[in-house]
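Structure first, then comments.
The values are calculated or read from the model by the stated rules, or taken from the named source; none is laboratory data. In this text the structure is predicted, and so the values were computed from the model without any measurement. With ideal geometry, Cβ positions are generated from the backbone for all residues, glycine too; neighbour counts draw on all protein chains shown. Ligands, DNA and RNA are stripped out before the accessible areas are found, and what is left, the full protein with its side chains, is counted by its heavy atoms. Shrake-Rupley method; radii C 1.70, N 1.55, O 1.52, S 1.80 Å.
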Amino acid sequence: MAENGGDGRPAAMEDANLEKPFLRWSPSSSMRRRASGDLSLALPSPSRRPSFSRDVGHAAAETYLITRLALTLLKYLGIGYRWMTKFLALACYAILLMPGFLQVGYYYFFSTQVRRSVVYGEQPRNRLDLYLPIDSNGPKPVVAFVTGGAWIIGYKAWGALLGRRLAERDIIVACIDYRNFPQGTISDMIKDASEGISFICNNIASYGGDPERVYLMGQSAGAHIAACTLLDQAIKESAGESITWSVSQIKAYFGLSGGYNMLNLVDHFHKRGLYRSIFLSIMEGEESLRRYSPEVVVQDSSVRQAIPQLPYIILFHGTADYSIPSSASKDFVDALQMVGAKAKLVLYEGKTHTDLFLQDPLRGGRDELLEDIVAVIRAGDAIAVAKDAAAPRARRLAFEWQLKMARQISPF
């Protein structure tokens with residue numbers, strides 16, 4: 001591991017942009033719940049146990065949604081030779097890792113430590129999943145996680161493995177769902193992510209979380225969305241706009257395998273199968289690529305006053321990632337350091353786009369990425385560090401031969 005310190009939107013989208021009232025954030029009101037009169041966001045009891053029939057019904061609903069997402073992807077990408085081969089590879093990849101996926105799925109649907117589909121806003125996809133540690137003593141650090149999915153098939157359940165692993169280390173994880181294309185475009189995704197983060201910052205204490213120790217994380221497309229959300233919030237805050245959460249509440253940002261300069265990646269994605277016309281529709285037109293490129297935005301002199309408000313930014317990337325090259329993270333870190341932000345790049349030699357997020361956690365034992373994340377969260381807490389050192393390693397969820405074959409045929 002090496003380290004370097006340091007609106008042309010579719011008309012169909014218009015009906016999805018319902019305005020909602022906001023509360024002004026202040027240190028004294030960060031723990032305040034949102035008014036239920038307008039939003040009807042009732043917090044479920046943290047100790048409530050869902051019935052078995054409800055779990056089965058929820059599992060069926062989730063399966064239907066995932067199938068619909070896949071069909072939507074096919075509709076927009078077309079069924080050509082390239083995509084037929086990719087989907088065949090994806091099917092083989094999923095079959096090989098199915099033993100691990102089934103165990104994670106069982107945990108997701110039936111564990112009493114998982115609170116699924118907590119409502120955080122008015123839109124249909126405004127839901128989040130909470131992964132709670134077994135030990136409920138004392139307030140826990142919290143990771144707000146935005147999943148990937150090429151801006152088209154992102155879904156909160158994709159974070160189940162990460163949620164399980166971090167919950168085992170006494171850390172709460174909140175996986176935020178958001179509108180995907182074509183249900184929404186990038187501005188909708190950022191708005192949803194921001195509302196999810198706001199809900200976490202203002203309500204996580206009800207679930208045993210510490211609102212003063214919230215960490216933001218995103219993976220792949222989710223890393224891009226989360227970075228845009230963080231930067232957008234810092235700009236609003238520096239301009240004195242009304243906000244419902246503060247960047248100062250975020251202790252650090254973890255970006256995993258993300259892309260942060262859309263101008264440089266649009267042609268790369270086209271060659272990989274995310275065609276230029278579709279990608280530009282997601283990003284609301286070619287003229288918006290600069291606006292939704294955090295690497296470009298931080299270098300704009302008009303937003304320099306927002307840079308000091310950004311938290312510690314750590315980007316993780318595998319050097320064998322072909323979906324989004326590791327240079328994307330390196331360039332963003334370089335741009336951040338150039339304007340005075342505290343940022344660091346952590347590279348994992350020979351790791352692919354899915355190694356760090358799927359294969360390595362399924363392998364069990366020591367997970368390098370997980371250890372690096374936990375080390376940042378536990379920094380300065382000698383008791384927690386000692387407890388982590390004595391904790392048993394995660395058990396293996398898939399055979400090594402399955403992981404190696406899946407890595408070879410992965411379409412990512």
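By accessible area, using a 1.4 Å probe on protein heavy atoms only, the stretch 293-341 has 51% of its surface on carbon and sulfur. Ranking PHE110, PHE399, PHE254 from most to least accessible surface, computed with a 1.4 Å probe over the protein chains only, gives PHE399, PHE110, PHE254.
A 1.4 Å probe run over the protein chains yields, for the stretch 165-268, 20 Å² of accessible area per residue, whole-number rounding. Using a probe of 1.4 Å, the accessible surface attributed to HIS268 totals some 50 Å² when neighbouring protein chains are kept in position.
Just check the stretch 220-369 against the gyration tensor rule for me: Cα atoms, a ≥ b ≥ c as the square roots of the eigenvalues, rounded for a/c under 1.5, and otherwise prolate or oblate depending on whether a/b exceeds b/c. Oblate.
Suppose accessible area is computed on protein heavy atoms with a 1.4 Å probe; arrange HIS270, HIS353 from highest to lowest.
Details: HIS270 80, HIS353 15 Å².
Listed by decreasing accessible area, they come as HIS270, HIS353.
What the Cβ-Cβ distance of SER136 and LEU90 gives, at R0 = 41 Å and to the nearest 0.05, is a FRET efficiency of 0.60.
Could you rank the peptides 225-231, 283-289 by their average count of other C-beta atoms within 10 Å per residue, with the highest value first?
Numbers: 225-231: 26.3, 283-289: 17.0.
The packing order, highest mean first, is 225-231, 283-289.
Cα-based values for the stretch 175-234, radius of gyration first and Dmax second, are 11.9, 36 Å. Extension gain for the segment ASP267 to GLU349, taken as residue separation times 0.36 nm less the Cα-Cα distance, is 27.0 nm to one decimal.
Under the criterion of Cα pairs below 8 Å and six or more residues apart, the relative contact order for the stretch 79-173 equals 25 percent.
Measuring nothing but protein heavy atoms, the accessible surface of the stretch 107-221 at 1.4 Å probe radius is 56 percent carbon and sulfur.
In this model, which of LYS191/LYS251; LYS251/LYS387; LYS156/LYS342; LYS156/LYS330; LYS86/LYS330; LYS251/LYS344 are farther than 25 Å apart at the alpha-carbon?
Numbers: LYS191/LYS251 21 Å; LYS251/LYS387 21 Å; LYS156/LYS342 29 Å; LYS156/LYS330 27 Å; LYS86/LYS330 28 Å; LYS251/LYS344 14 Å.
Long pairs (Cα-Cα over 25 Å): LYS156/LYS342; LYS156/LYS330; LYS86/LYS330.
Surface calculation, 1.4 Å probe, protein heavy atoms: PHE101 sits at approximately 70 Å² accessible.
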